[in-house]
1. Determine the gain in length on full extension of the stretch residue 161-residue 31; use 0.36 nm per residue of separation and subtract their C-alpha separation, reporting nm with one decimal.
2. Between residue 90 and residue 64, what is the label-point separation in nm under the 7 Å Cα-to-beta-carbon projection?
3. Label residue 292 and residue 41 with points 7 Å out from Cα along Cα→Cβ: what is the distance between them in nm?
4. Applying 1/(1 + (r/R0)^6) with R0 = 45 Å to the Cβ-Cβ distance of residue 185 and residue 74, what FRET efficiency is obtained, to the nearest 0.05?
5. Points 7 angstrom from Cα along the Cβ direction at residue 50 and residue 83: gap in nanometres?
6. Given region 135-269, what whole percent of its Cα pairs are spread farther than 20 Å?
7. Out of all Cα-Cα pairs in region 191-321, roughly what percent, to the nearest whole number, are more than 20 Å apart?
8. Over region 25-173, consider all pairs of different Cα atoms and compute the Kirkwood hydrodynamic radius from their mean reciprocal separation; express it in Å, one decimal.
């Protein structure tokens with residue numbers, strides 16, 4: 001039969017290697033080939049290729065309208081971000097082409113739009129890019145071959161808005177069974193808003209426990225996925241990393257002089273998509289026995305372009321530590337790793353549930369507090385005229401000022 005003559009029909013992209021897949025970004029050209037291997041001569045009507053990129057959100061909600069009536073409401077939204085079609089093989093006169101037995105290659109190439117959305121897979125939505133080839137033959141169902149590729153849109157954390165320190169403070173009065181146990185206050189700072197996977201976030205916090213019970217401070221990196229469709233939205237929160245501090249006794253005060261929280265291999269922030277977004281935040285909270293938690297949230301942006309070494313980082317962090325009165329004189333900080341060295345296509349973000357995961361989770365590294373110290377740059381004023389040259393030469397015919 002004619003169907004048995006097709007031994008192989010696949011789509012390959014340029015840059016593929018064993019175990020690795022190419023990664024693209026907006027404005028880049030995607031090139032590859034469609035491989036067709038025939039065991040014998042076969043008649044082909046056409047060979048067409050289509051590249052597509054879709055951002056999609058979908059979920060359902062069950063609603064009840066009384067004791068016996070229930071229905072399910074469906075929410076769905078889709079945005080086409082890439083749509084390219086091309087014909088790789090088609091007879092000029094509309095007749096049937098006869099391809100001989102053997103291996104045939106049909107190259108293709110197309111340009112991605114300038115602005116794209118990073119590839120993403122979530123519970124209620126996704127962003128997917130693919131190249132699909134369709135082989136049309138007379139009297140035989142069409143045969144398809146598809147290749148999915150990854151797009152990562154660069155997010156540069158070196159812009160001024162992402163280099164600004166983030167800080168906040170909260171306070172509450174601990175109460176249990178209508179009894180007041182005293183005030184508990186929390187203040188926290190981080191040196192900037194933008195980070196990349198593999199970096200360590202130094203958390204500077206102060207916990208003042210004025211209650212009559214010991215409290216437990218914690219910090220966590222939280223990913224928030226937001227899906228939007230038909231005017232409604234659906235959110236999913238996931239804790240991807242966390243760290244615990246030492247308990248703070250009654251009437252005591254504790255200081256975190258740079259408690260380390262390492263960012264695991266997670267996808268970058270998605271901020272400019274109409275149907276879904278991916279945001280990150282650092283949540284610092286204090287667990288109070290018998291009362292609700294004292295929670296402080298600081299926004300974060302996870303990027304792909306790491307911080308320039310010894311650039312704005314030294315100055316901004318130096319000023320940040322001086323405001324907290326911490327020591328200086330340590331070596332300059334190590335440059336963060338490249339995004340491609342930390343995040344690979346096979347790695348997925350953690351899917352821990354609850355407000356904070358267990359500390360014995362394999363992806364969480366617990367480290368004690370450390371004192372982050374940076375070199376302090378002090379700029380002295382320019383020297384006085386008399387200090388620069390005690391006997392400067394005077395110009396001829398020009399009297400010297402006796403007050404200098």
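FYI, it's all coordinate maths here, none of it is from the lab. These numbers come from a predicted model, not from an experiment. Neighbour counts run over all protein chains shown; Cβ positions are idealised from the backbone, glycine included.
1. Length gained between residue 161 and residue 31: 43.2 nm.
2. Placing both labels 7 Å beyond Cα along the Cβ direction yields 5.6 nm.
3. Going from the residue 292 label point to the residue 41 one covers 8.0 nm.
4. Numbers: r = 46 Å, r/R0 = 1.02.
Rounded to the nearest 0.05, the efficiency is 0.45.
5. So the label points at residue 50 and residue 83 sit 1.0 nm apart.
6. 65
7. Everything past 20 Å amounts to 53 percent.
8. On the way: mean 1/r = 0.0502 Å⁻¹.
Result for region 25-173 stands at 19.9 Å.
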